[in-house]
Amino acid sequence: MSKSKSEKAVQYEVSLSIDIDIVDEYMAWLVPHMKEMLKIDGFLSASLCHVELLPSGEDDNKKHFCALYIVKNRSLLQNYFDHHAAKLRGDGVNKFKGKFSATRRITYLHKEIQ
């Protein structure tokens, strides 16, 4: 029997667009931030990826990254949203206000193809 959607692991994705003049400082903040996220119940792993925008390529004034988190299930991710997100997001917003943007999405594995 397959697990219900709420019981399956989810991928939480934060897409970042960062002003080029603060990239190094932002990364120095982001990596410890991601390690802090991994201390939250249900967060299993985290990866940081550089994003190449297509078809136009990179914007000369921005660098793009994606922080990917694997979370044990949707209810534990909701716990993060309800109890931790405001503070953890606020830390970055306060430090880098107006110098970056973030969008977020949740994905669920539909099917593995081999």
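The values are calculated or read from the model by the stated rules, or taken from the named source; none is laboratory data. Computed from a predicted model, the values in this text were never measured in an experiment. Virtual Cβ from ideal backbone geometry, glycine too; neighbours counted across all protein chains shown.
Values computed for the structure shown
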quantity	calculated
Selection from segment 83-98 of residues that are surrounded by 15 or more Cβ atoms within 10 Å (Cβ to Cβ) and either assigned to a loop (DSSP other than H, G, I, E, B) or touching a Cys at 6+ places or on another chain (Cβ under 6 Å) (or both)	H84
Residues of segment 50-105 classified as in contact (Cβ under 8 Å) with a residue 24 or more places away in the chain and hydrophobic (A, V, I, L, M, F, W, C), total	13
Which numbered condition Y80 misses (of (1) assigned to a strand (DSSP E or B); (2) surrounded by 14 or more Cβ atoms within 10 Å (Cβ to Cβ))	(1)
Residue that is part of a strand (DSSP E or B), modelled with pLDDT of 95 or more and under 17 Å from T103 (Cβ atoms), where the choices are L68, L44	L68
Answer residue from segment 86-112, given it is aliphatic (A, V, I, L, M) and at pLDDT 95 or above and is farthest from E25 (Cα to Cα) among those	I106
Flag if L30 is hydrophobic (A, V, I, L, M, F, W, C) and either assigned to a loop (DSSP other than H, G, I, E, B) or closer than 22 Å to K72 by Cβ (or both)	no
Residues within segment 60-77 that are closer than 18 Å to D21 by Cβ and either surrounded by 12 or more Cβ atoms within 10 Å (Cβ to Cβ) or under 12 Å from the mean Cα position of the chain (by Cα) (or both), tallied	4
